[in-house]
Amino acid sequence: MSTTSRLNCIIPPYLLKKLLESRDSELRQAALDTMLTTARLRGERAVRASFSGAAAPGNGRRTVFDCDQGSFLPAAVVARPEDGPESADESVNRAFGGLGLTRDFFKEVFQRDSIDGRGMRLDGYVHFSVKFNNAFWDGRQMVFGDGDGRVLGDLTGSLDVVAHELTHGVTEHTAGFEYHNQSGALNESVSDVFGSLVKQWSLKQSAGEADWLIGADVWTPGIDADALRSMKAPGHAYDNSLFGRDPQPDRMSKFIHLPDSEQGDNGGVHLNSGIPNKAFYLTAVGIGGFAWEAAGPIWFESLKASGAEAQFHDFAHTTFQKAGELFGIGSPEQSAVLAAWQEVEVPIRGVPTGIARARSLATNGNGGRGRQDGLAALTRQIGELSAKVAKLAKDVSALKTTR
């Protein structure tokens, strides 16, 4: 089950299902139409993926097309090319700006040439279909619906939504996390991480200043909700009569087991992403400063080093290793990574589970300087042991190859 044959949508299926239960016939119809159109597009995407080749490089050039409420993308007209003037249509301009900010973020922060690392052109389509309650990345382009206008608004309205969807493209061209169960939740989480970082980078916000909300601008003013998801507080993005309470868990003891099917959100990928989301938030605030300067590189390098079927504990271990490589074994950055994953109850291989509590006591003033120094020393020892084990495994693999 490869991510390259997936249609990655920002609005989780469980929210659309809630709209199907509404007493309002217009809301039910908009939700039903969105789900049917999405199902059709998923089928078309799966067929295309079976014979499509690599995207042609285009120096990261942007083009925004206007679908004019149609759903046949080849019929859309160019609304704003890379070198064209600003449009009179704000949806066009917002999409154009979001594509550019995401492209520039990856270029300036990670020296990545567009989302595929080879200058992939960025095509965006606005005003897709009628009252389409979603935005998606289909492996080749970014598509935005206008929303139903009652519950969900224009999906070009949130920069982090644009960056989230484009990051699915980055993941496709790096780790390629399989889109189901824990690897699928990592796929969604990575998109939330870099979606939030693009927004923070554009606003020059520190980790402490950021709101850590995903999709705060997709709801209409009449809906009592903060956002689609909260990385700072998974499970607390909304709580209202229409959608109920945000069901995202924030730790492994609350992990939600669902069927690996479309109806089960592919094993709860949009739900369980709250666990690695919280780990990144805790890492970023634990380190402090701008999150894209330390926590971001740790996650980005870990994304590039991960396999398609990585589980939470695999990714946690990789981030711990990368933090040591980038900032030093036993560094504050590596200690922050360790404490964050232990706080959300995801183990790191070879690490005792009580260290996170020790770190918490040290940082809130109850542990004293000696406890902090002891934690740093223990983290350093663990990191060194982890590095030796990794080297030994590599040597053994090389020895088997030569035989």
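The values are calculated or read from the model by the stated rules, or taken from the named source; none is laboratory data. The shown structure was predicted, so the numbers you read here are calculated from the model rather than taken from an experiment. Backbone-built Cβ (ideal geometry, glycine too); neighbour counts: all protein chains shown.
Which numbered condition in (1) touching a Ser or Thr at 6+ places or on another chain (Cβ under 8 Å); (2) under 30 Å from residue 344 (Cα atoms); (3) surrounded by 23 or more Cβ atoms within 10 Å (Cβ to Cβ); (4) not aromatic (Phe, Trp, Tyr) is the only one that residue 103 fails?
Answer for residue 103: the failing condition is (2).
Can you tell me how many residues within the range 173-196 are part of a loop (DSSP other than H, G, I, E, B), under 26 Å from residue 113 (Cβ atoms) and touching a helix residue (DSSP H, G or I) at 6+ places or on another chain (Cβ under 7 Å)? Can you show your working first?
Within the range 173-196, the first condition is being part of a loop (DSSP other than H, G, I, E, B), and the residues that meet it are 173-180.
Next, only the ones that are under 26 Å from residue 113 (Cβ atoms) stay: 173-179.
Adding the requirement that they be touching a helix residue (DSSP H, G or I) at 6+ places or on another chain (Cβ under 7 Å) leaves 174-179.
Within the range 173-196, residues that are part of a loop (DSSP other than H, G, I, E, B), under 26 Å from residue 113 (Cβ atoms) and touching a helix residue (DSSP H, G or I) at 6+ places or on another chain (Cβ under 7 Å) number 6.
What number of residues within the range 197-247 satisfy the criterion of being over 16 Å from the mean Cα position of the chain (by Cα) and assigned to a strand (DSSP E or B)?
Looking only at that region, the number is 7.
Does the range 303-316 contain at least one residue that is at pLDDT 95 or above, crowded, with 19+ Cβ neighbours inside 10 Å and within 26 Å of residue 204 (Cα to Cα)?
yes
Being under 23 Å from residue 41 (Cα atoms), over 18 Å from the mean Cα position of the chain (by Cα) and crowded, with 23+ Cβ neighbours inside 10 Å: is that true of residue 124 here?
Values: under 23 Å from residue 41 (Cα atoms): yes; over 18 Å from the mean Cα position of the chain (by Cα): yes; crowded, with 23+ Cβ neighbours inside 10 Å: yes.
In short, yes.
All but one of (1) buried (at least 20 other Cβ atoms within 10 Å of the Cβ); (2) out of contact with any Leu (no Cβ under 7 Å at 6 or more places or on another chain) hold for residue 218, so report the exception by its number.
The failed condition is (2).
State all residues of the range 96-151 that are under 17 Å from residue 8 (Cα atoms), in contact with a strand residue (DSSP E or B) (Cβ under 7 Å, 6 or more places away or on another chain) and of a type in the set (Gly, Ala, Ser); if no residue qualifies, say none.
Hits for the range 96-151 are 124, 135, 145.
Could you check, for the range 181-193, whether at least one of its residues is assigned by TED's automatic domain parsing to the domain that holds residue 159, of a type outside the set (Ser, Thr, Tyr) and without any contact (Cβ under 8 Å) to a residue 60 or more places away in the chain?
Here is the first cut: in the range 181-193, the ones assigned by TED's automatic domain parsing to the domain that holds residue 159 are 181-193.
Then drop every residue that is not of a type outside the set (Ser, Thr, Tyr), which leaves 181-182, 184-188, 190, 192-193.
Those left that are additionally without any contact (Cβ under 8 Å) to a residue 60 or more places away in the chain: none.
Checking the range 181-193: not a single residue is assigned by TED's automatic domain parsing to the domain that holds residue 159, of a type outside the set (Ser, Thr, Tyr) and without any contact (Cβ under 8 Å) to a residue 60 or more places away in the chain.
Out of (1) part of a helix (DSSP H, G or I); (2) within 18 Å of residue 68 (Cβ to Cβ), the odd one out for residue 170 is which?
(2)
When you scan the range 1-50, how many residues do you find that are at pLDDT below 90, among the basic types (Lys, Arg) and within 17 Å of residue 264 (Cα to Cα)? Steps first, please.
Filtering the range 1-50 for residues at pLDDT below 90 gives 1-7, 39-50.
This time we only want the ones that are among the basic types (Lys, Arg), so: 6, 40, 42, 45, 48.
Remaining after also requiring within 17 Å of residue 264 (Cα to Cα): 6, 42.
Result for the range 1-50: 2.
So, of the residues in the range 317-334 that are surrounded by 22 or more Cβ atoms within 10 Å (Cβ to Cβ) and hydrophobic (A, V, I, L, M, F, W, C), which turns out to be farthest from residue 253 (Cα to Cα)?
For the range 317-334, the residue satisfying everything is 323.
Residues of the range 155-193 being in contact with a strand residue (DSSP E or B) (Cβ under 7 Å, 6 or more places away or on another chain) and either surrounded by fewer than 24 Cβ atoms within 10 Å (Cβ to Cβ) or polar (S, T, N, Q) (or both), which ones?
156 - this is the single residue of the range 155-193 that is in contact with a strand residue (DSSP E or B) (Cβ under 7 Å, 6 or more places away or on another chain) and either surrounded by fewer than 24 Cβ atoms within 10 Å (Cβ to Cβ) or polar (S, T, N, Q) (or both).
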